[in-house]
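Here's the structure we're looking at; comments come further down.
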Amino acid sequence: MSNFFHYKDNELFCEDTSVKEIIQKENTPAYIYSKNSILKHFTEIKDAFAEAKPLICFSVKSNSNLTILKILSDAGAGFDVVSGGELYRALKIGVHPDKIVFAGVGKTTEEIKYALKNNIFMFNVESKAELENINTVAGDLSKKARVALRINPDIDARTHAKTTTGKKENKFGIDFETSEQIINNIDSYKNIDLRGIHVHLGSPIYDPEPYVLALKKVDEFLQKVRKLHKIEYLNIGGGYCISYTGESVKRPEDFARDILPITKKLGARLIMEPGRFIVGNAGILVSRVTYSKASIGGKKHVICDAAMNDLIRPSLYDAFHRIWPVCTSVPRPEIELPNQKPQTNGNLEIVDIVGPVCESSDVLAKGRWFPVVKAGDLIAVFSSGAYGFTMSSNYNSRPRACEILVDGGTVSTIRRRETYEDLIAIEKEYL
Ligand code: LLP
């Protein structure tokens with residue numbers, strides 16, 4: 001955990017700014033991001049892989065706020081997009097299209113046209129049918145489409161089943177055999193310019209080994225097909241882990257140490273698609289306690305104003321996010337692990353921290369050791385910068401939270417809170 005979020009005199013700060021003061025103006029729930037944390041993580045991954053001079057394409061799905069994309073673009077990042085909407089966002093901030101790669105198993109003809117008209121760098125193609133479609137659409141537009149074949153290497157990334165993508169039963173990518181057939185016949189795709197190979201195994205990945213195993217398979221494959229076609233780019237995807245517990249986890253340099261010798265041997269130019277590593281620990285979700293409730297069986301529920309519609313990761317993946325009061329005399333523990341009492345001085349009680357949505361799965365933390373809080377207190381859900389706001393919804397007709405960016409002592413609202421009017425703005429009125 002970086003020190004961009006830290007406690008000073010029993011109060012949480014983001015960089016030089018008091019979280020309580022931000023909330024006095026912006027209210028809750030609110031996502032708060034640290035600009036310098038984002039930049040630090042970007043530099044860390046760039047430096048770790050510097051030897052290979054990779055094109056780092058930030059994965060827009062992890063956090064698609066325009067200001068954040070602009071910060072990363074200014075720092076030299078390209079973008080990994082998976083929809084017309086994400087492409088629109090990337091183009092909107094003025095990134096050069098030859099820094100945009102486009103993945104996803106179901107790119108529609110419209111999306112392919114949109115990307116071709118804007119001359120994006122490369123499509124990461126996920127099936128033969130998609131390749132045929134891109135070939136046809138490119139022909140219609142008298143263009144040549146640059147593509148990489150996304151290989152499904154059948155490697156277990158040892159992460160959550162719902163976020164594993166590189167096993168043969170997953171919908172992603174093309175198996176080696178079909179990829180070889182495609183490369184054998186590549187001349188028959190007149191409007192395709194095959195430039196690269198892409199692999200993305202899943203997310204988050206806590207060890208370099210799955211990358212190494214996958215890349216060894218890719219190496220063997222390339223030995224075979226290189227005679228038929230020169231592969232210029234190798235895109236190794238995203239997945240690089242962050243710590244959600246405070247424990248130390250593998251760093252980009254650990255991944256680089258094991259990955260780079262193999263990619264070097266392959267001799268292709270490197271593309272990477274990190275998302276979570278750059279923004280995950282650069283953001284928190286701040287919420288206010290609405291009620292405390294002692295339920296039957298001695299269980300205590302802390303009901304707060306952020307819910308599964310704001311941060312769905314705990315409900316969807318049983319994901320563990322550290323949570324701690326914004327103002328508290330109980331020091332935040334260095335490390336917190338699921339179902340374990342953390343080491344700290346001060347009174348803790350076991351609670352479920354839940355939101356107001358009408359679903360039992362609307363839980364931010366289950367069975368958590370937590371300082372005693374009362375209605376009105378603020379709590380911070382850490383490690384929420386990736387797949388937090390981007391996965392939020394209007395379920396229960398809840399307006400989405402605002403997003404705030406902190407740069408030292410400067411605070412900017414980079415997405416205002418939605419209003420009730422926003423909720424119905426594009427609906428037809430049957431009155
Ligand atoms: N490239 C591709 C092709 C991807 O599908 C993804 C993530 C990434 C890159 C970026 O992965 P990252 O570096 O952020 O780990 N909603 C889930 C994560 C889903 C990831 C989907 N693909 C979560 O909240 O954990």
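The values are calculated or read from the model by the stated rules, or taken from the named source; none is laboratory data. Just so it is clear, the structure is predicted and the values come from calculations on it, not from any experiment. FYI the Cβ positions are ideal-geometry reconstructions off the backbone, even for glycines, and counts take in every protein chain you see. Note: accessible area is taken over every heavy atom of the protein model, side chains too, but ligands, DNA and RNA are not part of it. Shrake-Rupley method; radii C 1.70, N 1.55, O 1.52, S 1.80 Å.
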Over the chain, what is the relative contact order in percent, taking alpha-carbon pairs closer than 8 angstrom and at least six residues apart?
19 percent
From the Cα gyration tensor of the stretch 35-278, with a ≥ b ≥ c the square roots of its eigenvalues, which class applies: rounded if a/c is under 1.5, or else prolate if a/b is larger than b/c, or else oblate?
oblate
Carbon and sulfur: what percent of the chain's accessible surface (1.4 Å probe)?
49 percent
Helix axis angle, 252-266 relative to the chain longest principal axis, alpha carbon, degrees:
10 degrees
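List the trypsin sites (Lys or Arg not before Pro) within the stretch 353-385 that fall in a DSSP loop (any state other than H, G, I, E or B) and whose Cβ has at most 10 other Cβ atoms within 10 Å.
Working: sites: LYS366, ARG368, LYS374; in loops: LYS374.
For trypsin sites (Lys or Arg not before Pro) across the stretch 353-385 that sit outside H, G, I, E and B with at most 10 neighbouring Cβ atoms in 10 Å, the list reads LYS374.
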Gyration tensor on Cα atoms of the stretch 1-93, a ≥ b ≥ c root eigenvalues, a/c under 1.5 rounded, else prolate if a/b beats b/c, else oblate, says oblate
Using Cα springs under 10 Å in a Gaussian network model of the chain, which residue among ASN309, ASN184, ASN119 shows the largest mean-square fluctuation?
ASN184
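When DSSP beta bridges are limited to those with both residues in the stretch 162-300, what percentage is antiparallel, rounded to the nearest 5?
On the way: 2 of 9 bridges.
Counting only bridges with both partners in the stretch 162-300, antiparallel ones make up about 20 percent.
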Among DSSP beta bridges lying fully in the chain, give the percent that are antiparallel, nearest 5.
50 percent
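Once the Cβ-Cβ distance between THR136 and GLU349 is put in as r, and R0 is 60 Å, what FRET efficiency do you end up with, to the nearest 0.05? Could the numbers behind the result be given before it?
On the way: r = 62 Å, r/R0 = 1.04.
Once the sixth-power term is evaluated, E becomes 0.45.
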Could you check the simple spin-label distance between VAL105 and HIS229, using points 7 Å along Cα→Cβ, in nm with one decimal?
2.2 nm
When the expected Rg is taken as 2.2 N^0.38 Å, what fraction or multiple of it is the alpha-carbon Rg of the chain?
1.04
Suppose a student asked you for the relative contact order of the stretch 35-278, using Cα pairs under 8 Å spaced at least 6 residues apart; what percent would you report?
21 percent
Most fluctuating of ALA214, ALA75, ALA380 in the GNM of the chain (C-alpha, under 10 Å) is ALA75
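Which order do the peptides 327-338, 197-208, 32-43 take when ranked by the mean count of other beta-carbon atoms within 10 Å per residue, highest first?
With the highest mean Cβ count within 10 Å placed first, the list reads 197-208, 32-43, 327-338.
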